[in-house]
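Taking it in order: structure first as structure tokens, then the write-up.
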Amino acid sequence: MITAIAAVSQNWGIGKDNDLLFNIPEDKKFFRRTTLNHTVIMGRKTLESLPNGKPFKDRNNIVLSRNKSFSCEGTEVCGNVEEVLKLAEKYEEVFVVGGGQIYETMLPYCGKAIITNVNASPEADVFFPNLDKDESWELTERSEEYDFEGLKYSFCTYVKK
Ligand SMILES: NC(=O)c1ccc[n+]([C@@H]2O[C@H](COP(=O)([O-])OP(=O)(O)OC[C@H]3O[C@@H](n4cnc5c(N)ncnc54)[C@H](OP(=O)(O)O)[C@@H]3O)[C@@H](O)[C@H]2O)c1
């Protein structure tokens, strides 16, 4: 099963200037706990936005890039979606971890989306497809609302119908 995981604003914004919109420690821990020892798929830009451009520790990192000469230690690079899907078959739990281009491209292959819904609307230049407006997705779980320095957020699970 392939699952998308993202933190989104009220209007499903996920990033600005190749950086995240939010820095919520409990959300970072949740992301780590959920993806630890599993496989993550990300776009080349998201990889470059990580601290020192390094992949996630203790996870199999798959990076999508059309640049045939791109490589990065600790990652497997795929040049297209077909290659990613073939590679993903080898792994039991696979998470699509961004960014905007990769969520959009990989969502048709995802059965589940784990969304941290943040009740704020900072300016964004990259978005996650709005699952509340997509009839093929259903919200099945919403956690209680948490607060970090005035930012209200909850963890939601969407399942493809
Ligand atoms: N809120 C969240 O949960 C979250 C999570 C992750 C990222 N983000 C944010 O998202 C933003 C980055 O997203 P983005 O949309 O700009 O970039 P991205 O999706 O991370 O990466 C885009 C790159 O992926 C490669 N790519 C895209 N489609 C491909 C395909 N079909 N086949 C092969 N390679 C493909 C291309 O790399 P090449 O140019 O090398 O060919 C492309 O430039 C940042 O602001 C980041 O902070 C937010």
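Just so it is clear, none of the values below were taken in a lab; they were calculated from the coordinates. Predicted, not measured: the structure shown is a model, and the values here were computed from it. Note: ideal-geometry Cβ built from the backbone for every residue, glycine included; neighbour counts use all protein chains shown.
How many residues are hydroxyl-bearing (Ser, Thr, Tyr) and closer than 23 Å to Glu82 by Cα if we restrict to the stretch 34-68? If you could, list the steps in order and put the result at the bottom.
Kept after step one, since they are hydroxyl-bearing (Ser, Thr, Tyr), are these residues of the stretch 34-68: 34-35, 39, 46, 49, 65.
Those left that are additionally closer than 23 Å to Glu82 by Cα: 35, 39, 46, 65.
Qualifying residue count for the region: 4.
Condition first: acidic (Asp, Glu) and in contact (Cβ under 8 Å) with a residue 40 or more places away in the chain. Now tell me which residues in the stretch 27-63 satisfy that.
If the condition is that a residue be acidic (Asp, Glu) and in contact (Cβ under 8 Å) with a residue 40 or more places away in the chain, then Asp27 is the only one that fits.
Could we say that Gly53 is on the phi > 0 side of the Ramachandran plot and surrounded by 19 or more Cβ atoms within 10 Å (Cβ to Cβ) here? Before the answer, list the steps.
On the way: on the phi > 0 side of the Ramachandran plot: yes; surrounded by 19 or more Cβ atoms within 10 Å (Cβ to Cβ): no.
No: the conditions fail for Gly53.
Condition (residue is within 26 Å of Phe155 (Cα to Cα), more than 13 Å from the ligand (Cβ to nearest atom) and more than 14 Å from the chain's Cα centre (by Cα)) applied to the stretch 72-88: is it met by at least one residue? Write out each step before concluding.
First pass over the stretch 72-88, keeping only residues within 26 Å of Phe155 (Cα to Cα): 88.
Those still in the list that are more than 13 Å from the ligand (Cβ to nearest atom) too: 88.
So of that shortlist, the ones also more than 14 Å from the chain's Cα centre (by Cα) come out as 88.
Yes - at least one qualifying residue is present in the stretch 72-88.
Can you pull out the residues in the stretch 21-70 that are touching a Phe, Trp or Tyr at 6+ places or on another chain (Cβ under 6 Å) and polar (S, T, N, Q)?
Thr35, Thr39
Only residues in the stretch 77-94 that are free of Cβ contacts under 8 Å to residues at least 60 places away in the same chain count as the first member; pair them with residues that are within 8 Å of the ligand (Cβ to nearest atom) and small (Gly, Ala, Ser), Cβ under 6 angstrom, at least 6 apart or cross-chain, and list the lot.
Partner pairs satisfying both residue conditions: Val77/Ser65.
Among residues belonging to the stretch 40-57 that are more than 14 Å from Ile102 (Cβ to Cβ) and assigned to a helix (DSSP H, G or I), point out the one that is farthest from the ligand (Cβ to nearest atom).
Asn52
For every residue, the table says whether it meets (1) assigned to a helix (DSSP H, G or I); (2) under 24 Å from Asp134 (Cα atoms).
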{"site": "Ile62", "(1), (2)": "no, no"}
{"site": "Asn67", "(1), (2)": "no, no"}
{"site": "Phe70", "(1), (2)": "no, no"}
{"site": "Glu73", "(1), (2)": "no, no"}
{"site": "Leu87", "(1), (2)": "yes, no"}
{"site": "Tyr91", "(1), (2)": "no, no"}
{"site": "Gly98", "(1), (2)": "no, yes"}
{"site": "Ile102", "(1), (2)": "yes, yes"}
{"site": "Thr105", "(1), (2)": "yes, yes"}
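Restricting the search to the stretch 133-158, which residues are surrounded by 14 or more Cβ atoms within 10 Å (Cβ to Cβ) and farther than 19 Å from Asn11 by Cβ?
Answer for the stretch 133-158, where residues must be surrounded by 14 or more Cβ atoms within 10 Å (Cβ to Cβ) and farther than 19 Å from Asn11 by Cβ: Tyr146, Phe148, Thr157.
Does Asp58 satisfy being under 14 Å from the mean Cα position of the chain (by Cα) and acidic (Asp, Glu)?
Answer is no for this residue.
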